[in-house]
Amino acid sequence: MNTINKNKLWSDMKSKYSIYFVLAALFVISWLANENFVSVENLSNISTQIAVGTILAFGQTILIISGMLDLSSGSVLALAGVLSISVYKMTGSLIIAFAVAIITGVICNILNGLMVTKFKTPPFIATLAMMTMARGAALMYTNGQNIYQIGDYVKFGQGKIMGVPTPVIFMAVILILTWYILKHTVFGRSIYAIGGNEEAANASGISVNKIKMKAFIFNGILVGIAGVLFMSRVNGAMPNGAIGYEFKALTAAVIGGTSFTGGLGTASGTLAGAFIVGFLDNIMVLVGVNSYLQQIVRGAIIALAVIYDIWAKTKRTKRKHDLK
Amino acid sequence: MKKWLVIALIVSLMASLLTGCSQPAPAAQDGAKAPEASGEKDVYRVAYIARAQADSFAAWLANAVIEEAAKYDNIKLDVFDGQANDDTENGLIENAITNKYDVIIVQPNNGEAQRPYVEKAVAAGIKVITTNARISGIEGASSVDADPYAQAAVNAVVAISQIPQNANVVVLKGPPGNFHADARRDSWQKEFFDKRTDVKIVGEEIANWNKDEAMNYMETWVQANDKIDAIIAMNDNMAAGALEVIKDNPKFKDILSYGVDGTAEAVLLIEQGLMTSTSLQSAYDLATALMDTTNKLVTGAEKQIDIDIDCPLINKDNVQQYIEMHKKAGAIK
Amino acid sequence: MAKQLNAIQKHVKGDLKAMNPDIKLRVSDVEKFFPGVKALDKINFSVKKGTVHVICGENGAGKSTLMKVINGIYKQDSGRILIDEKVVEINNPIQARSLGISMIFQELNYMPEMTIEESLFVGNWPRDKYGKVDWKEIRKRTLELLEKEKLSYSPETKLKDLTVSDIQMLEILKAISYNSDIIIMDEPTSAITQKEVEVLFNKINELRDRGTSIIYISHKMDEIFRIADEITVFRDGCVVDSRPKEDYDMDTVITQMVGRKLESVFQKEDMELGDQVLQVKGLTNPGKFENVSFDIREGEIIGFAGLMGAGRTEVMRALFGLDAYQSGEIIIKNEKTDIKNVKSSIDKKMVMLSEDRRRYGIIPVRSVKENVSLSSLKRFIYGGRLHGEEEDRTVNDYCKSMNVKTPDMETSIEALSGGNQQKVILAKWMVTNPDILIMDEPTRGIDVGAKHEIYKLMTILAKQKKALIMVSSELPELIMMCDRIYVMAKGKITGMLKREEFTQEKIMAFATATKSQSGVDII
């Protein structure tokens, strides 16, 4: 009897925490590969570098858990950032500028949400459309040119509070917020249910459309914040910035155990996924891996991490399933 | 039932593709005379096919061309966006041929991919100019370009005397397979690295012309290297990104840096003494040359022209005039 | 040494037995292990040619596991399988099919967007002389089959537009079309109505007379004794006993299954009824149901009987707020109510256990705990946080009182057996403290032991003055549990019987009626 329990505990741990094992393993390998990896400054850099993508990833996590996704994050963040900086240059007020970014992110995502709930558009298509529209809007507004000399705006992305870079602080706060929402709110439980089985969730009394809209709005706020951080970090409003960032975000979420079939995912898992990619990028540059090889390795690690995670999960449910 | 619908759709799709790619421009309609045959016209229609609107340099160039074209009464300009996609750009060239433009200006996404379509345009009797980067070796076509090899070379040549002995440098490259990126890197190799074999490259990565990617790489390099003496970037965006990382770091206050383009951001950095030099790839000069060439071609003054615009070196000594240039154009307020 | 001698003896004995030409399928000393559990423990039994061999046992007894071994989904860890007294290796279902074995599953896996003709021939496409799929042939054969079985569907109808019972019918037809010698049917009548059962049994007899062997898994005692030639009882991964039907009686079978004495018939207790708690007047949704009126009192259990397609589920879905209705009144506790969505129904203390629990009942990947608390989230999440211990306690209490068998509350609900899943869903609704419970086929696909538990629960609920509406296709269960039964046909209520008037014949008469009780024509 005891052996069965111990085995069960070990495989439960393996499946639930598999991604953290991968993260830890990667950390150790990187440490051995280059001593500069573990310096405080390097780790701080990595955290700053992944901050924007990870903030987007938290939004994706909420969406994917509920059975949706967002292909427009990169474009919307560019639009939000560009408008925000432009407003800052006009008004001189950081607060108004920050608000503009958030409002832009929210409006674009409300549109996403309406397409999905009112017009029954699959989220893939709806956010794909928004991806092109938002990018076009950003380019149109700036005539394709970058806006420089943004003055104090840089403080958002390049400042430090008690030695911690501001993007990392934003990331940490949003991590806690996402975790809190998933665990301690009715909204959080509802999105797990909707993603797990939308019809059953509906038949259990959950207001599916309302929750979906809320999920997009939350995502919109995060995308707006990401826009501010991205532009202030590159010290300019770049309508072409952050192309492909939605895929960075999806990658982190998926590696972190957020399942595309819906109903599964965690905030800490996504953070782990983001760090796995961040560590990998960093160590490959430190070690001097050829650029093309880097891309191959990146893709391979993503595939491996996800396969391992799925395998670990399948083993757990398969075993119990056969006890019928 | 559903099956037949799908088949009908596919067949009609294929039919439209086939007819689209078939014969050259249809013959003139009954009664109307071909415009070229009637000699001088009041207004000439010019199609400008940009490689992409999302590329900030391409956007700069397109805007400059539009502004320049406005100065000519006899030129009506239409701008098209190739969306950084060969198929799209080729399709646009064909459309322009069908719509019987007098002049087609092509800024290729990939010269070899656009070559056959440019040749088609020339064969249809339309005047064609290729630019940034020119497609060389097309009989009867004109070109206006800046030479990326030269753009990098003007920096590399001065770097020979500026970069200290046994220096550590980092290199930031443009997208792989990009003609400009490759030519510039090639230029640095031949004009600098082959001649200064004492210099060590401690980091070289592809930052895809992007500022944020360059920043990430520089941050990591700063971790791994105590001494970095110069930043060699294939464009100003990436150089600015690398500089952004070390701007408050006293350890790197004497670092040298080189770029290409002469963007507003770069000239400001040079003025502030933070960036060493760049070379101007003036979209304004390109636009002026393009419209001038267009005018000469349509009025028959010239049959075929090839122009290279200058790529002057911009450094602390001469930066002011370029700041003025950007101010006049509104890029610097 | 002694152990080895014993093994050889058993082996020899087994081999001596193995010379019977009447035996189509023989399972010999088959064992199967899964991590931490022995699912099959030295299984020995045989199926004769041209017989119906019924296998019964509670969930978890190993019947499904053994069937999956025979069908090639699992490979046994030791032991042999013989067909026509020759040892065979069955590594996958395709191989099984080529050996003449096909299986109809209990948990239907179907693709909603597939059409009837596609699903009948999937994986078995007839091909024309060029090697392309012969759609003409498929259409022809489908039409023939549909006509022969008297099903009024078009071959192009998508599976998502069929009811659960239709889909199961199709599964049966598919297996028959493979011309298998051995057909395994896992609870085939769990989702079809009486009339369909008759059709199925005719078909089974037909096949049996033709020499096909049928392995039939079921919990339904009366069916078992009707259709079986031989019965084998499983319990805890072992064969308890195997006898010809004549040597068995219902009580013995149940006792062997359960390992303890259990009444085969559930006794309904007399109940004192309270006030009228729900009144439905003239509920109409054109095309689905028309002018449906009924009422129910506190402590009452009313049944809804009818054939497949009578409109019972549609009425309940509209009542619960899942579907819209065009006209009619719903009066709960003397207050006229407009049920716009599920939430408003739950707020009015009316809940529904859906017919298709896989589709509308469970959130498969989430834990038992989360499934139980799903409709009462505000009870555990308030004041800005989740009160985990409260949730754990409440969920544990309800699951214990319903005897839900699960390794723990954090297990994914999809790992539980059908019966336990149903209990979890029932627990979910009980946490909301409802007054009215609509139960659509509550004991479908559940073993005898669990069925009794649900009946017991229903009785307790009725005693607590809840009102229960039970939609069911099992007439015996309706007759056993209900105070009154409404019968529907073609979207209308054709009759209502009081408990003293209950007979299967009367219910059937209303279910197939062309005239209703009140004399109104049913078209």
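Read-outs: derived from the displayed coordinates by stated rules, not from any lab. Predicted model, so just to flag it, every value in this text is computed and none were measured.
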Structure-based [θ]222 nm, chain C - -39500 (n - 2.57) summed over DSSP H runs of at least 4, per residue, nearest 500: -10500 deg cm²/dmol
Cα-Cα separations in the range C:363-433 greater than 13 Å, expressed as whole percent: 59
Zero-based 5 Å bins, Cα pair distances in the range C:381-523, whole percents: 2, 8, 16, 17, 16, 13, 10, 7, 5, 3, 2, 1
In the range A:35-310, lysine pairs with alpha-carbon atoms under 18 angstrom apart (chain gap of 8 or more, or interchain): 9
Kirkwood Rh and Cα Rg combined as Rg over Rh, evaluated for the range C:84-204: 0.97
The range C:206-335: Cα Rg divided by the 2.2 N^0.38 Å rule of thumb: 1.60
Mean separation of Cα contacts under 8 Å (6+ apart) over length of chain C, as relative contact order %: 14
Residue-by-residue Karplus 3J(HN,Hα) for the range C:39-51, coefficients 6.51, -1.76, 1.60, Hz, glycine and proline x: 7, 10, 10, 6, 7, 10, 6, 9, 10, 7, 5, x, 10
Rg ratio (alpha-carbon, reference 2.2 N^0.38 Å) - the range B:262-324: 1.45
Dmax and Rg, reported as Rg then Dmax, of chain A (C-alpha, Å): 20.5, 72
Hull volume in cubic angstrom per residue (convex hull over the Cα atoms of the protein assembly as shown): 247
Values of log10 I(q)/I(0), in the order q = 0.11 Å⁻¹, for chain C under a Debye, Cα-only, solvent-free model: -1.05
All lysines inside 19 Å of C:Lys38 as judged from Cα atoms, apart from same-chain residues fewer than 8 positions distant: A:Lys6, A:Lys8, A:Lys315, A:Lys318, A:Lys320, A:Lys324, C:Lys63, C:Lys68, C:Lys75, C:Lys405
Semi-axes of the equivalent ellipsoid for the range A:104-187, Cα gyration tensor, largest first, Å: 29, 25, 8
Length-normalised contact order for the range A:35-310 - Cα pairs under 8 Å, 6+ apart - percent: 35
Eligible lysines near C:Lys492 by straight Cα distance, threshold 18 Å, same-chain separation 8 or greater: C:Lys281, C:Lys288, C:Lys506, C:Lys515
The range C:340-374 and the range B:192-209: distance between their alpha carbon centers, rounded to Å: 64
Chain B: relative contact order in percent, alpha carbon pairs under 8 Å with at least 6 residues between: 15
Among the listed pairs C:Lys268/C:Lys466; C:Lys160/C:Lys466; C:Lys343/C:Lys466; C:Lys49/C:Lys203; B:Lys76/B:Lys296; C:Lys48/C:Lys203, those beyond 22 Å (Cα-Cα): C:Lys160/C:Lys466
Cα gyration tensor, chain B - rounded (a/c under 1.5), prolate or oblate: prolate
Considering only the protein assembly as shown, percent of DSSP beta bridges that pair antiparallel, nearest 5: 45
Vicinal HN-Hα couplings computed from phi for the range B:170-183 (Karplus, 6.51 cos²θ - 1.76 cosθ + 1.60; Hz; Gly/Pro x): 10, 10, 10, 10, x, x, x, x, 7, 4, 5, 4, 5, 5
Estimated [θ] at 222 nm from DSSP helical runs (n ≥ 4, -39500 (n - 2.57)) normalised by residues in chain A, nearest 500: -26000 deg cm²/dmol
Cα-Cα separations in the range B:160-200 greater than 11 Å, expressed as whole percent: 67
Inter-centroid distance (Cα atoms) of the range B:245-296 relative to the range A:216-272, Å: 32
Per-residue [θ]222 nm for chain B (sum of -39500 (n - 2.57) over DSSP H runs n ≥ 4, rounded to 500): -13500 deg cm²/dmol
Gained length - C:Met114 relative to C:Lys49, 0.36 nm times residue gap less alpha-carbon distance: 19.9 nm
